[in-house]
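Worksheet for the structure shown next.
The values are calculated or read from the model by the stated rules, or taken from the named source; none is laboratory data. All values reported here derive from a predicted model rather than from experimental measurement. Glycine also receives a Cβ, built like all others from the backbone with ideal geometry; neighbour counts cover every protein chain displayed.
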Amino acid sequence: MHDVEVHLPDRPGALAELGEALGAAGVSLEGGGVFSHAGVGLAHFLVADGPAARAALESAGLHVAGVHDVVTLRLQQGVPGQLGALARWMAEAGVSIHTQYSDHDHRLVLVVGEEDLATARSVAAGW
């Protein structure tokens, strides 16, 4: 699985263009979301085929800021403090979390720097 990071223009229809481009290319969204900051839509979506998503989005004229490997794991739903505890484990291991969201299968998705990927996966495996 890959996280596709897209910077969307702040205008009506930008998210529709993203969804249409991926749909036409047969790329399914498995999780993610969009947030607006300083006039830019910051989209992060989980996909099975990152290169295909990048190609479809760039062909549609959208700015793909990156395609990232991800770390996924399950938190104990209904137990308060899970995110804080996991984030603390990551921090103590020296991992910087760039993006966090959930997928459609109730897994936590983490995007970390490429240099932190192996460490983050090790921490997640111990969770």
Item to check | Selection within the stretch 1-18 - among the small types (Gly, Ala, Ser) and surrounded by 13 or more Cβ atoms within 10 Å (Cβ to Cβ) | outcome: Ala14
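Of all the residues that make up the stretch 64-97, how many are touching a residue at least 24 places away in the same chain (Cβ under 8 Å) and surrounded by 11 or more Cβ atoms within 10 Å (Cβ to Cβ)? I'd like the intermediate steps shown before the answer.
Residues of the stretch 64-97 touching a residue at least 24 places away in the same chain (Cβ under 8 Å): 64-75, 77, 83, 86, 89-90, 93-95.
If we keep only those that are surrounded by 11 or more Cβ atoms within 10 Å (Cβ to Cβ) too, we end up with 64-75, 83, 86, 89-90, 93-95.
The number of residues fulfilling the criteria is 19.
In the stretch 7-34, how many residues are assigned to a strand (DSSP E or B), at pLDDT 95 or above and out of contact with any helix residue (DSSP H, G or I) (no Cβ under 7 Å at 6 or more places or on another chain)?
Going through the stretch 7-34 one residue at a time, the tally reaches 4.
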Checklist entry - From the list Val71, Val67, Val4, which one is under 21 Å from Ala125 (Cβ atoms) and in contact with a Lys or Arg (Cβ under 8 Å, 6 or more places away or on another chain)? => result Val71
Checklist outcome for this item: Among residues of the stretch 110-126 being within 15 Å of the chain's Cα centre (by Cα) and surrounded by fewer than 16 Cβ atoms within 10 Å (Cβ to Cβ), the residue nearest to His98 (Cα to Cα) is Gly113
Checklist entry - Hey, among the residues in the stretch 31-44 that are buried (at least 17 other Cβ atoms within 10 Å of the Cβ) and touching a residue at least 60 places away in the same chain (Cβ under 8 Å), which one's nearest to Arg54 (Cα to Cα)? => result His44
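From the set of residues in the stretch 92-109 that are of a type in the set (D, E, K, R) and farther than 10 Å from Gly32 by Cβ, which is nearest to the chain's Cα centre (by Cα)?
Across the stretch 92-109, the extreme among qualifying residues is Arg107.
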Item to check | Any hit, the stretch 91-110, residues being on the phi > 0 side of the Ramachandran plot, at pLDDT 95 or above and touching a helix residue (DSSP H, G or I) at 6+ places or on another chain (Cβ under 9 Å) | outcome: yes
Checklist entry - Yes or no: Gly61 of a type outside the set (Phe, Trp, Tyr), in the same structural domain as Phe35 (by TED's automatic domain parsing) and out of contact with any Asp or Glu (no Cβ under 7 Å at 6 or more places or on another chain)? => result yes
